[in-house]
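What follows is a single structure, written as structure tokens, with notes after it.
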Amino acid sequence: MTPSSSSGTSAVTVLHLRCHRPAFDTYRQVFAVLADITPVVQALPPDSALLQLAGAVKYFGRAPVELADLLQTRLAARFGLITTGGLGNNRMMATLAADTARPGTVQALPDDPTAARAFLHAQDVRLLPGIGLALERKLRRYGIDTIGELAAVPVATVQRIAGASTGRLLAERAHGTDRRTITPAGPPATITSTRRFDHDVLDPAEVRRALLDLALDLGARLRAAGQSARTVELQVTYADRSSTTKSRTLPEATGHSPVLRDVLYALFGALGLERARIRAVTARAGGLTSTSVGVQGVQLTFDAATEAVRTLEPVLDKAAARYGIGAVAPAVLSVPRAGRNAITAGRSAQSAWTRPGERA
């Protein structure tokens, strides 16, 4: 689609920019580049951002699509990142444009409202913000498969299907209205830990030891900072330097290493990797909140091993404060690298950090 060629008249000034598989640290650094063009940038972790380019269009005297292309070029030159963008007159339209753009390009929707609405109505109904899997299935049972078909349904009928408030919101969005604004906000505060292997690893047991090490490090740093984490992300980097990221939001914020360990194990297991050559694993604790001294606000688990570790954590924290984080660690992590075998180490080394019957 062809954007307006005039830098001063285009109403399509909202840019949704998505980075392809950025590393945690790289994603944070991206915002320094974005801020050189506009101060109105909202982070959409783990890989996207929303930008309002209206002020930048006037300041630089360049069309929105030209500014988007400039950002893509700078991010590629500085970080080697491939980015995909969408330009629209509001958040929803920009996101839809990005979702349907070819990788590495910027799709700019037309200024003409009729043409933009035609683009919107041609999209699958599942792409409309606010429609989850359950509501999507319900709409399809009523024969509503596209946003245009949803827009043709009376508001009262949509409300009967989706509920009063949700139905009214969906009806507005199906006609191209999105009342959400872009709120300037950088990436949320996080604590990140990375373990790079001396060689490309195939053995899941060795990866799990690294994940245990990450959990210990994150937990100790969270407690030392008086913080608890609500989200945990895991990034696995492969031998070809590609990577996969998975995240999970916890039921309650935590700084306990056993909880972080279990989440990292679950995220790694969910990847379903078979014979993947792994070069590094990175964990990030986000959604940080302050924690009262000595209080982690976690319910009792009635699991003796887990409660024993929680009781031990203050002692470990005192040792870390005096001798450094990692001074005291589970036995499975203290075996010299050169002499440990993944299977024998897993069988011979038992600690409170490892569940009975499993390898760390």
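The values are calculated or read from the model by the stated rules, or taken from the named source; none is laboratory data. What you are looking at is a predicted structure, and each value in this text was computed from that prediction instead of being measured. Backbone-built Cβ (ideal geometry, glycine too); neighbour counts: all protein chains shown.
Here's the yes/no breakdown for (1) part of a strand (DSSP E or B); (2) within 13 Å of A283 (Cβ to Cβ); (3) touching a Leu at 6+ places or on another chain (Cβ under 9 Å):
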residue	(1), (2), (3)
F197	yes, no, no
L218	no, yes, yes
R221	no, yes, no
T237	yes, yes, no
K246	yes, yes, yes
P251	yes, no, no
P258	no, no, no
Y265	no, yes, yes
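Considering region 159-180 alone, what residues qualify as being part of a loop (DSSP other than H, G, I, E, B), free of Cβ contacts under 8 Å to residues at least 24 places away in the same chain and within 14 Å of P129 (Cα to Cα)?
Residue satisfying the conditions is R179 alone.
Within region 94-131, which residues are among the aliphatic types (A, V, I, L, M) and either in contact with a Phe, Trp or Tyr (Cβ under 9 Å, 6 or more places away or on another chain) or not in a helix (DSSP H, G or I) (or both)?
Across region 94-131, the qualifying residues are L96, A97, A101, V106, A108, L109, A122, L128, I131.
Consider V281 carefully, then state whether it is in contact with a strand residue (DSSP E or B) (Cβ under 9 Å, 6 or more places away or on another chain), closer than 20 Å to L44 by Cα and surrounded by 20 or more Cβ atoms within 10 Å (Cβ to Cβ).
Judged against the criteria, V281 is not a match.
Does F24 satisfy the criteria of being at negative phi, within 19 Å of the chain's Cα centre (by Cα) and surrounded by fewer than 18 Cβ atoms within 10 Å (Cβ to Cβ)?
No, not satisfied.
All but one of (1) touching a residue at least 12 places away in the same chain (Cβ under 8 Å); (2) surrounded by fewer than 19 Cβ atoms within 10 Å (Cβ to Cβ); (3) in the same structural domain as D111 (by TED's automatic domain parsing) hold for T244, so report the exception by its number.
Answer for T244: the failing condition is (3).
Can you name every residue in region 81-104 that is touching a helix residue (DSSP H, G or I) at 6+ places or on another chain (Cβ under 9 Å) and either free of Cβ contacts under 8 Å to residues at least 12 places away in the same chain or surrounded by fewer than 20 Cβ atoms within 10 Å (Cβ to Cβ) (or both)?
I82, N89, D99, T100, G104 - these are the residues of region 81-104 that are touching a helix residue (DSSP H, G or I) at 6+ places or on another chain (Cβ under 9 Å) and either free of Cβ contacts under 8 Å to residues at least 12 places away in the same chain or surrounded by fewer than 20 Cβ atoms within 10 Å (Cβ to Cβ) (or both).
Which condition number does T254 fail, the rest of (1) over 19 Å from the mean Cα position of the chain (by Cα); (2) more than 16 Å from R196 (Cα to Cα); (3) among the β-branched types (V, I, T) being met?
(1)
Would you confirm whether any residue within region 146-169 is assigned by TED's automatic domain parsing to the domain that holds T84, within 23 Å of P64 (Cα to Cα) and not small (G, A, S)?
No, the conditions are met nowhere in region 146-169.
Can you name the number of the only condition in (1) within 15 Å of the chain's Cα centre (by Cα); (2) in contact (Cβ under 8 Å) with a residue 40 or more places away in the chain; (3) surrounded by 15 or more Cβ atoms within 10 Å (Cβ to Cβ) that A189 fails?
Failing condition for A189: (3).
Where residues in region 192-216 are over 19 Å from the mean Cα position of the chain (by Cα) and among the small types (G, A, S), which of them is nearest to Y238 (Cα to Cα)?
The extreme case among them is A210.
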